[in-house]
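The values are calculated or read from the model by the stated rules, or taken from the named source; none is laboratory data. Here the structure is a predicted model, which is why all the values come from computation and not from measurement. In this analysis, Cβ positions are derived from the backbone assuming ideal geometry, glycine residues included, and neighbour counts consider all displayed protein chains. All accessible areas refer to the heavy atoms of the entire protein, side chains included, with ligands and DNA or RNA removed. Shrake-Rupley method; radii C 1.70, N 1.55, O 1.52, S 1.80 Å.
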Amino acid sequence: MASPSGKGAAFAGPGSASLKYDILTALLVAATCADPETARLALRLSLLITARYNWRQDSFMVGQKEIARMWGVTERTAKRDMATMRSRGWIEVSVPAARGRVAQYRILFDEVLRASEPYWAAVGPDFAARMAGPQEPPAANVVPLQRTSAELPAGDGSLWSEALAQLSHADPATANAWFSRLTQVDAADGRLTLMAPSRFVASYVETHYPMRILAVASACDPSIRALDLIWPDTAG
């Protein structure tokens with residue numbers, strides 16, 4: 001299972017938005033599909049994350065009275081549910097409460113994702129495959145017709161052809177399915193601009209693979225610091 005453990009910087013760095021959305025999606029699908037207690041806890045933790053979680057510091061500080069107000073419950077119920085989350089290993093107290101200061105909590109995303117894993121397929125096989133591991137090829141129902149390695153575009157000496165060769169070597173399935181469908185439009189002023197055949201392909205690649213592409217492109221040309229993905233309707 002893919003896990004953000006040990007990757008605190010990823011929560012605040014470039015490309016972090018898709019990771020955050022995936023975590024919230026995993027929690028919310030558990031909130032709709034799990035047993036009543038797990039569903040309730042997943043929904044309430046989702047609210048704490050969206051309302052109060054500091055992704056950069058990997059923590060949140062919320063008093064029991066505020067939690068109860070957000071959840072629409074009594075303080076006793078809020079205290080009970082927070083204790084249940086701790087007993088499940090979903091959260092932990094990183095800094096205890098003190099006079100004039102509420103407790104600081106950390107979310108243990110490994111356990112949160114593990115609890116939600118049985119329900120990932122309800123979102124879709126593409127989501128389940130992505131959450132299972134970053135090198136898993138996307139599920140068949142969202143993957144364009146794959147090409148064999150021999151059918152990848154021939155190198156033309158461009159920055160993108162060099163980067164594509166490296167991406168294909170590291171992950172042939174993803175390169176065949178997605179990266180090979182992109183063509184270079186420009187590489188200037190620190191930006192690599194790639195054309196996708198459709199808005200769907202551009203959106204999918206931009207959501208799931210921007211940092212992988214940018215890292216390889218930057219290794220090929222250190223002047224590249226940003227990636228733009230366009231499709232025919234945006235060109236012109």
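Observations, loosely collected:
- Förster radius 25 Å - calculated FRET efficiency between Ala226 and Tyr21 (Cβ-Cβ, nearest 0.05): 0.75
- Put a dot 7 Å past the Cα of Ala170, heading toward its Cβ, do the same for Arg40, and the two dots end up 4.5 nm apart.
- When the residues Val123, Val73 are ordered by accessible surface, computed with a 1.4 Å probe over the protein chains alone, the sequence from largest down reads Val123, Val73.
- When Rg and the Kirkwood Rh are both derived from Cα coordinates, the Rg/Rh ratio for region 152-236 amounts to 0.92.
- Modelled this way, with points 7 Å down the Cα-to-C-beta line, the labels at Arg191 and Glu66 are 3.8 nm from one another.
- Estimated distance in nm for a label pair at Val93 and Ala215, the labels positioned 7 Å out from Cα along Cα-to-Cβ: 3.8 nm
- Part-to-part distance (alpha-carbon centres) for region 69-125 and region 205-219, which is given in Å: 33 Å
- Förster radius 22 Å - calculated FRET efficiency between Asn54 and Leu159, Cβ distance, rounded to 0.05: 0.05
- If you sort the three axes of the alpha carbon gyration tensor as a ≥ b ≥ c, you get a/c of 1.5 or more for region 164-203 and a/b no higher than b/c, which makes it oblate.
- Residues in region 178-195 carry Karplus couplings, in order, of 10, 5, 5, 8, 9, 10, 7, 9, 7, 8, 8, 6, x, 10, 9, 10, 10, 9 Hz; the curve used is 6.51 cos²θ - 1.76 cosθ + 1.60 with θ = phi - 60°, and Gly or Pro positions show x.
- Evaluating 6.51 cos²θ - 1.76 cosθ + 1.60 at θ = phi - 60° for every residue in region 198-215, the Karplus couplings come out as 7, 5, 4, 5, 4, 5, 5, 5, 5, 6, 9, 10, x, 6, 5, 5, 5, 5 Hz, glycine and proline recorded as x.
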